[in-house]
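The values are calculated or read from the model by the stated rules, or taken from the named source; none is laboratory data. Small disclaimer: the values here were computed from a predicted structure and weren't measured. Note that each Cβ is placed from the backbone with ideal geometry, even for glycine, and that neighbours are counted across all protein chains shown.
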Amino acid sequence: MTDAPATPSAPIERKPRFALFIATVCGLGYIPIAPGTFGSLAGVLLVTLPFWTAIVITWISGGFGIAEGGTLDPILLVHILVTLAAAVIGVWSANRAAAFWREKDPQRVVVDEVSGQHLAIVLGCAVPVWWRPAVAAWGTSSLGLITMHSALNWKYLLLGFILFRAFDIWKPFPARQAERLPGGWGIMADDWVAGIYAAIGLWLARAAGL
C-alpha cells in the first residue's frame with residue numbers, strides 16, 4: 001500500500017505591518033471602545049498640524065519663514081496636499097487591512113475617519129464666507145488655522161467634529177451606497193461623503209455667525 005501524496009500546505013500570508021499601522025492610525029483602531037471617535041480626534045489634530053508647524057517655522061526663522069501677501073496660500077496648499085495624501089494612502093492601507101483580516105470594513109481601520117474628519121473641517125473652513133469674515137482667535141497674527149487669513153477658534157473644530165461624527169453614523173445618501181465600492185474605496189468613500197455633509201453644515205454655521 002502506497003502512501004497518499006502529501007497535500008501542499010497553503011502559503012502563510014505575510015502580515016502587512018506598515019499598512020496595518022497606517023490603517024489603524026498608529027494603533028488607535030485597536031482601542032476597544034469607539035475607535036472611530038478616536039480616529040476622528042486624530043483627524044482634528046491633523047487639521048491643526050500645518051498651523052502649528054507654520055508657527056514653529058516662523059518663530060525659528062525670526063518671522064520670515066512664511067511669505068504673506070502673495071496669491072499662493074501656503075497653509076491652504078499644505079491642507080490640499082494632506083487631503084490628497086490621506087485619501088491615497090488611506091485607500092491603499094484600508095484595502096490591505098481588509099484583505100488581511102478578511103473583512104469588508106474592519107472596525108479597527110480608522111484611517112477613513114481621519115481622512116473624512118480632515119476633509120470636513122478644511123472644506124468647511126477654507127471656503128470663504130465673503131460677508132462674514134472669520135474672527136481671528138490667535139491674537140494679532142495673520143496666520144490662520146486653515147488659511148493665512150482665516151484664523152478660526154476652537155468652536156469650529158468642535159462643531160466640525162460633532163457634525164462629522166453625526167453624519168458618519170447616520171450615513172445619509174450616498175454614504176451607504178459608497179460603502180459598496182470594492183476594497184479600500186468602499187471603506188474610505190462613505191467617510192468622504194460624511195465629511196462633505198459636515199463641511200456644508202460647518203460653512204452654514206459660519207455664515208450664520210456661530
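Is it the case that Ala166 is among the aliphatic types (A, V, I, L, M), touching a residue at least 60 places away in the same chain (Cβ under 8 Å) and surrounded by fewer than 17 Cβ atoms within 10 Å (Cβ to Cβ)? The answer is no for Ala166. Filtering the stretch 163-210 to residues that are of a type in the set (A, V, I, L, M), part of a loop (DSSP other than H, G, I, E, B) and within 28 Å of Leu20 (Cα to Cα) leaves only Leu181.
Conditions (1) part of a helix (DSSP H, G or I); (2) at pLDDT below 95; (3) touching a His at 6+ places or on another chain (Cβ under 9 Å); (4) surrounded by fewer than 18 Cβ atoms within 10 Å (Cβ to Cβ), marked per residue:
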position	(1), (2), (3), (4)
Ala67	no, yes, no, yes
Ile80	yes, yes, no, yes
Glu113	yes, no, no, no
Ala120	yes, no, no, no
Gly124	yes, yes, no, no
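The requirement of being buried (at least 24 other Cβ atoms within 10 Å of the Cβ), at pLDDT below 85, farther than 19 Å from Pro35 by Cβ and within 16 Å of the chain's Cα centre (by Cα) is satisfied by Leu145.
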